[in-house]
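Read the figures in this text as sums done on the coordinates, not as results from a lab. Just so it is clear, the structure is predicted and the values come from calculations on it, not from any experiment. Positions of Cβ are backbone-derived with ideal geometry, glycine not excepted, and every protein chain shown enters the neighbour counts.
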Amino acid sequence: AQTVTQSQPEMSVQEAETVTLSCTYDTSENNYYLFWYKQPPSRQMILVIRQEAYKQQNATENRFSVNFQKAAKSFSLKISDSQLGDTAMYFCAFMKPSGAGSYQLTFGKGTKLSVIP
Amino acid sequence: NAGVTQTPKFQVLKTGQSMTLQCAQDMNHEYMSWYRQDPGMGLRLIHYSVGAGITDQGEVPNGYNVSRSTTEDFPLRLLSAAPSQTSVYFCASSNTGREKLFFGSGTQLSVL
């Protein structure tokens, strides 16, 4: 079974600063996908960024970028110019094909990020 | 667009009662799934479906049943509720399963 580890249960960052959330995963698969999801206090799950394992280029979405190290099985999220609205739980997730055209998504336990004014 | 709609938003059950959590999507997505979220545990996959008539178990399927008679609907049934099933439940869908998941707003379930 795949495991996703987020080693930082809680983090805080000053507004306008940069913060990096770590994620490691364990798999023997070569073809898979990685995601970061954000869950603000509203409880809504929001996709932050997605990375395909076969792409060497790191994904970016505005202030959010990842550092994908396939050999090290590491997938960290960098948030630049942190804003108060970035305060949320952040979940790293791993997705692999599971046969018959289906996919299974495994989540880490999450990192609670607080942006301090 | 409504996206993914879950009902109810809140529910309290007594041990042994049964109920169905409803999930509907209007995006014509083939892939639908149910997760439960417990404090400190992240989200765990209960059941998923890759199309009408096709379902499969996820990581924590015991105590839950699903069916997929239409593309739009994917209800989750609790057969005999137990306190261990107290959780927040999320339904999610996507076009192929490997793309962005669209989540519902969640159902907070308490089993007394």
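Could you check how many percent of all C-alpha pairs in the protein assembly as shown are farther apart than 21 Å? Intermediate values should be presented prior to the final figure.
On the way: 14512 of 26106 pairs.
Looking at the protein assembly as shown, the distances longer than 21 Å represent 56 percent of pairs.
What is the average number of partner chain Cβ atoms found within 10 Å of a Cβ in B:98-106?
6
Within region B:1-37, list the residues whose amide N lies under 17 Å from a label point set 7 Å along Cα→Cβ of B:L112.
B:10-19
Quick one: Karplus J couplings for region B:13-23, per residue in order, coefficients 6.51, -1.76, 1.60, θ = phi - 60°, nearest Hz, x for Gly and Pro?
10, 9, 3, x, 6, 10, 6, 10, 8, 9, 9
Mind checking the mean number of beta-carbon atoms from other chains within 10 Å of the Cβ atoms in B:27-39?
What the average comes to for B:27-39 is 2.
Working from the pairwise distances between different alpha carbons, so that the mean of 1/r is found and then inverted, what is region A:5-104's Kirkwood radius in Å?
Evaluated on region A:5-104, it is 14.3 Å.
For region A:40-97 and region B:10-74, write down the distance between their C-alpha centroids in whole Å.
A separation of 25 Å, based on Cα centres.
Please compute the contact order of chain B in relative form: average sequence separation of alpha-carbon pairs under 8 Å and at least six residues apart, divided by the residue count, as a percent.
Across chain B, relative contact order equals 36 percent.
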